[in-house]
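The values are calculated or read from the model by the stated rules, or taken from the named source; none is laboratory data. Small disclaimer: the values here were computed from a predicted structure and weren't measured. In this analysis, Cβ positions are derived from the backbone assuming ideal geometry, glycine residues included, and neighbour counts consider all displayed protein chains.
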Amino acid sequence: MSITPLDVPTTITERSPWLISYGQDLIWFIGSSLVSYLAVVALELGIPAPLLFFFWTFLLDGPHVVATVTRTYMDDRERGRLGVLLWVVVPAVLIGPISVEIGFEQWFFLAVLGWQAWHVAKQHFGFVMLYKAKSQDKADFLLDKWTLLGCYMIPSICFWLSTEGVPIRYMVALYFALITIFMVRQMCKYFNSQILNVPKLLLFVCVLPLQWVVFVHATTFGIDGAIRMAMVAGIFHSLQYHRLILFHNRNRYAGLDAAPLAAFFSQSIFAYLCLVIGLYGLVAYVGSFSLYLQAATWGVAFSHYILDSRIWRIREDRELATALRLAVA
């Protein structure tokens, strides 16, 4: 495939630690967390949660789920590489209706929220790995992984425990143990004049406190606070994803002969938004007819979670690494 990247450097002399650029990364991959913090403030000030939920679902979260289509079904090469996995959407859409039919609908939607939280945590760790690859930061893989994933998920676990009246002190202790080890390691690197991965650390600083902020807010609403937790965390997650996929697609599909549909919907932000908002609008419309269909539409999200775990593996895909500025074609 012939690529003329829009954002990929033409020589290997560029050694920026940022994925796109200092400004773009701060706005979209790190600073977009501010929108989630502001969402908590808005909810505390009395903005109706259903109103915020509507805008989050139809303008950010839902469209980011179907945006995976541009990286899979619209990409000739990915269709060949993923093969039968692309059909995962068929069994995925059956899980919800079957759960509703056998009376497990409450457990189904609780499982949905749990999987969604884990998916968001994994995306944040994916960004950590991209920043490590960009900076050739090969140290502390396990420490970075379990600090990020563990400290991200612990507030969610604490939320569910607190709704059942279960003490959370041990989970809080585990959280502070992980954070302490991580911070001591960074201090050791600093005092030993080792280079610190600044973008990675900024991401940690923005991501981890957010979970406790939304935990404090959500616990005042009992079990209903689960949706608030998912919504606030999802705002940050969706903004990151939209920017990353546009950055990738503009680079990878610049040659119209390579993937004409993906290229068309990536070179214009307007076309991209029309595609992802329109597709999700169709999915939401189908789900509005019954509880069974609403549960079935979650299969689209499940497919996104599964496919997304496969299509961003830079070690297995040289063109992906090139499009993300981690290598040069």
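Only one of the numbered conditions (1) in contact with a helix residue (DSSP H, G or I) (Cβ under 7 Å, 6 or more places away or on another chain); (2) closer than 25 Å to residue 318 by Cβ; (3) touching a residue at least 60 places away in the same chain (Cβ under 8 Å) is not met by residue 105, and that is (2). The single condition from (1) closer than 30 Å to residue 201 by Cβ; (2) among the acidic types (Asp, Glu); (3) assigned to a helix (DSSP H, G or I) that residue 78 fails is (1). Within the stretch 22-73, restricting attention to residues that are among the hydrophobic types (A, V, I, L, M, F, W, C) and under 18 Å from residue 208 (Cβ atoms), the residue that is surrounded by the fewest Cβ atoms within 10 Å (Cβ to Cβ) is 38. Restricting attention to the stretch 143-196, the residues that are among the charged types (D, E, K, R), within 27 Å of residue 115 (Cβ to Cβ) and part of a helix (DSSP H, G or I) add up to 3. For residue 176, the conditions (1) of a type outside the set (A, V, I, L, M); (2) more than 21 Å from residue 138 (Cα to Cα); (3) buried (at least 16 other Cβ atoms within 10 Å of the Cβ) all hold with the exception of (3).
Pairs linking a residue in the stretch 264-288 that is within 15 Å of residue 248 (Cβ to Cβ) to a residue that is part of a helix (DSSP H, G or I) and among the charged types (D, E, K, R), with Cβ atoms under 6 Å and 6 or more positions apart or on different chains, are 266/250. Somewhere in the stretch 24-47, is a residue closer than 30 Å to residue 188 by Cα, touching a residue at least 60 places away in the same chain (Cβ under 8 Å), in contact with an Asp or Glu (Cβ under 6 Å, 6 or more places away or on another chain) and part of a helix (DSSP H, G or I)? The answer is no; no qualifying residue exists.
Restricting to the stretch 162-173, and then to whatever is surrounded by 16 or more Cβ atoms within 10 Å (Cβ to Cβ) and aliphatic (A, V, I, L, M), can you tell me which residue is nearest to residue 207 (Cα to Cα)? Among those residues, the one meeting the criterion is 171. The set of residues in the stretch 164-217 being over 26 Å from residue 37 (Cβ atoms) and among the polar types (S, T, N, Q) consists of 192, 193, 194.
Right, residue 142: at pLDDT 95 or above, surrounded by 12 or more Cβ atoms within 10 Å (Cβ to Cβ) and either touching a strand residue (DSSP E or B) at 6+ places or on another chain (Cβ under 9 Å) or within 18 Å of residue 121 (Cβ to Cβ) (or both) or not? The answer is no for residue 142. None of 223, 157 is β-branched (Val, Ile, Thr) and modelled with pLDDT of 95 or more except 157. Of the residues 111, 92, the single one that is under 29 Å from residue 160 (Cβ atoms), in a helix (DSSP H, G or I) and touching a helix residue (DSSP H, G or I) at 6+ places or on another chain (Cβ under 7 Å) is 92.
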